[in-house]
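A short write-up of the structure that comes next.
The values are calculated or read from the model by the stated rules, or taken from the named source; none is laboratory data. The structure presented is a predicted model; accordingly, all values stated were derived computationally and were not measured. Cβ atoms come from the backbone with ideal geometry, glycine included; neighbour counts cover every protein chain shown. Ligands, DNA and RNA are stripped out before the accessible areas are found, and what is left, the full protein with its side chains, is counted by its heavy atoms. Shrake-Rupley method; radii C 1.70, N 1.55, O 1.52, S 1.80 Å.
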Amino acid sequence: MGHKIAVAGASGYAGGEVLRLLCAHPDLEIVAVSAHSHANQPVTSVHPQLRQLADQRFCETTPQAFEDADLVIMTLPHGHSAALAAELPDHTKIVDLGADHRLTKESDWHAYYSGPYAGAWTYGLPELPGRKEAIAASTRVAATGCYAVATTLALAPIVSAGVGSPDDVVVVAASGTSGAGRAAKPHLMASEIVGSLTPYKVGAHQHVPEIKQETGVTSLSFTPVLAPIPRGILATVTIRPAHDKVTTRDVRDVLDAAYRDAPFVDLLNDGWPQTGATAGSNSCHIQATMDTDANRIIVTSAVDNLGKGAAGQVVQCANLMLGLPETQGLSQNGVAP
């Protein structure tokens, strides 16, 4: 068998998607699956789609449960990963999908999250310059937030290349309901969601400092929108150009140079990104143009929030940390319809 993998806190949507990807991975073996509130229950009692795990039961989320694992994937609520990670041996590799170790500034953590600041780990977005090598050399990696993936991939090369101004960025991004988690909430009931778009956490979303940290942006207006779809993120990023002569070709050349060797980022030749085209994949689709009236750069990106925005990103990082090809067990192709 291959490398031994444990998943902590696997009863949520992201945890279930991690398990689905691991089941199909040729080099990774699931040795423990924890979910505190569902301990001793069959995995299929929560994830009936995972028939391959019909004989597997959730265990308690304790350090002892992960003793045999080469790598632990944490899909715990924000603020819960750091304590568990501190009890695991230094040689046990960890990829954390929570926010506990994403932010390099303690002040940013306290501004957007509760609880003590746990310090920063290697940020798990392999497409950023030099990050793939850093992830491969790390034993502790903090995977990205879902909105942060879609926005950062669209924005970072534009700012880094000096084509767009870092002090005037506006993002409006719509996300599927699975991004809000599995817990029952009145505003996520079908009667409330179907046929309605709803902005939320306007002007104060927790992914803002993460995006600024990884892109070099100094001023970001970010508006998230809850969309009546189960999965997917569509982000529209607008940036003031650094000078008046920036063209669509300039913007596309920058994005092409950044991602031509990135297996999971597609700069589209024509058409615009669609969430449906990325569903079930680890891909990000990007398109760009100039707004001729407002003279702003527009970059639109689409990801599956449970794929490249969560579980797929985690597996991609795990592959690199274990010396495997980053594409192993992951699909560039979406599922349609």
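For the chain, the fraction of C-alpha pairs farther apart than 38 angstrom is 12 percent. Each label point was placed 7 Å from the Cα along the Cα-to-Cβ direction; for Val335 and Glu67 their separation is 3.7 nm.
Keeping the other protein chains in place, figure out the carbon and sulfur percent of the accessible area of segment 155-218, with a 1.4 Å probe. Ligands and nucleic acids excluded, carbon and sulfur reach 58 percent. Couplings for segment 26-38, taken from phi via the Karplus curve 6.51 cos²θ - 1.76 cosθ + 1.60 with θ = phi - 60°, read x, 10, 10, 10, 6, 10, 7, 9, 10, 6, 3, 6, 10 Hz in order; Gly and Pro are left as x.
Rounded to the nearest 10 degrees, the angle from helix 146-160 to the longest Cα principal axis of the chain is 40 degrees. The distance between label points at Asp168 and Cys23 comes to 5.1 nm (points 7 Å beyond Cα on the Cα→Cβ vector). Contact order, relative form, for segment 34-129: 20 percent (alpha carbon pairs under 8 Å, 6 or more residues apart, mean separation divided by residue count).
In nm, what is the difference between 0.36 nm times the number of residues separating His36 and Thr292 and their Cα-Cα distance? Answer, rounded to one decimal: 86.8 nm. Based on alpha carbons, the Rg and Dmax found for segment 194-271 are 15.6, 43 Å.
Of Thr236, Thr300, Thr292, the residue with the greatest mean-square motion in the GNM of the chain, using alpha carbon springs below 10 Å, is Thr292. Only beta bridges with both residues in segment 153-286 are counted; by DSSP, about 50 percent of them are antiparallel.
The alpha-carbon atoms of segment 1-101 define a convex hull whose volume equals 90 cubic angstrom per residue. Share of carbon and sulfur in the accessible area of segment 1-105 stands at 47%, probe radius 1.4 Å.
Taking 0.36 nm per residue of separation and subtracting the Cα-Cα distance, full extension of the segment from Thr218 to His91 would add 42.1 nm. Averaged per residue, the chain has 43 square angstrom of accessible surface, using a 1.4 angstrom probe with ligands and nucleic acids left out. The per residue volume of the convex hull around the alpha-carbon atoms of segment 100-209 is 143 Å³. Beta bridges assigned by DSSP with both partners in the chain are antiparallel in approximately 45 percent of cases.
Tell me which aspartates and glutamates have Cα within less than 20 Å of Lys4's Cα, excluding those fewer than 8 residues away on the same chain? Result set, ordered by chain and number: Glu17, Asp27, Glu29, Asp55, Glu60, Glu67, Asp68, Asp70, Glu87, Asp90, Asp96, Glu326. In this structure, the pairs whose alpha-carbon distance is over 31 Å, taken from Lys93/Lys201; Lys201/Lys308; Lys245/Lys308; Lys185/Lys308, are Lys93/Lys201; Lys245/Lys308. What the phi angles of segment 324-331 give under the Karplus curve with 6.51, -1.76 and 1.60, with θ = phi - 60°, is a coupling list of 9, x, 5, 8, 4, x, 10, 10 Hz, glycine and proline written as x. With the convex hull of the Cα atoms taken as the outline of segment 49-146, the averaged projected area works out to 7.9 nm².
Note on the chain: helix-only mean residue ellipticity at 222 nm, from DSSP H runs of 4+ residues weighted -39500 (n - 2.57) and normalised by residue number, equals -6500 deg cm²/dmol. Within segment 1-92, DSSP assigns beta bridges of which about 10% are antiparallel (rounded to the nearest 5). Taking amide H as placed 1.01 Å from N in the peptide plane, Ile94 has its amide H under 5 Å from the amide H of Val72, Arg140, Val141, each at least 5 places away in sequence or on another chain.
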